Amino acid sequence: MNVRDQVPRGTRVRLPPDVVRPFEVFVNGVAQEEGVDYRIEGRTLVFDRELRTEGKLGMWRWLSMWVGVAGTYRQNDSVDVAYRRNGEPVVATKLPLEPLA
């Protein structure tokens, strides 16, 4: 039994300072619904599920992709927020993901 697998994981995403309601949230390009997919705590979006980014690829991974031996199939989530700044549409993309403690 792996205890780590039983611990609920979640993700926190801090909103950029100029984001005000109303705004839309997308994960990997798919619209998310407040109260269903995430909740708002202050200036932070909180997802009950774990979102992850792939991070930097090492030399061997790049080489194996270049040669065509392997691709990159790791989880690589992206959180974007669409809102208005001075009446103009703005999208904050690939916001940093932080694991919940």
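When both residues are 6+ apart or on different chains and their Cβ atoms are under 7 Å apart, which pairs have a first residue that lies in the stretch 82-99 and is over 22 Å from residue 49 (Cβ atoms) and touching a residue at least 60 places away in the same chain (Cβ under 8 Å), and a second that is among the acidic types (Asp, Glu) and surrounded by 11 or more Cβ atoms within 10 Å (Cβ to Cβ)? That search, which allows pairs on different chains as well, returns 85/18.
In the stretch 28-50, the residue that is surrounded by the most Cβ atoms within 10 Å (Cβ to Cβ) out of those that are touching a residue at least 40 places away in the same chain (Cβ under 8 Å) and more than 22 Å from residue 90 (Cα to Cα) is 50. Pairs linking a residue in the stretch 9-27 that is touching a residue at least 12 places away in the same chain (Cβ under 8 Å) and under 22 Å from residue 85 (Cβ atoms) to a residue that is of a type in the set (Gly, Ala, Ser) and in a strand (DSSP E or B), with Cβ atoms under 6 Å and 6 or more positions apart or on different chains, are 16/92; 24/82.
Being over 15 Å from the mean Cα position of the chain (by Cα) and either farther than 22 Å from residue 100 by Cβ or at pLDDT 95 or above (or both) is a property that does not hold for residue 39.
The values are calculated or read from the model by the stated rules, or taken from the named source; none is laboratory data. None of the values given here were measured: they were computed from a predicted structure. Cβ coordinates were reconstructed from backbone atoms using ideal geometry, including for glycine residues, and neighbour counts include every protein chain displayed.
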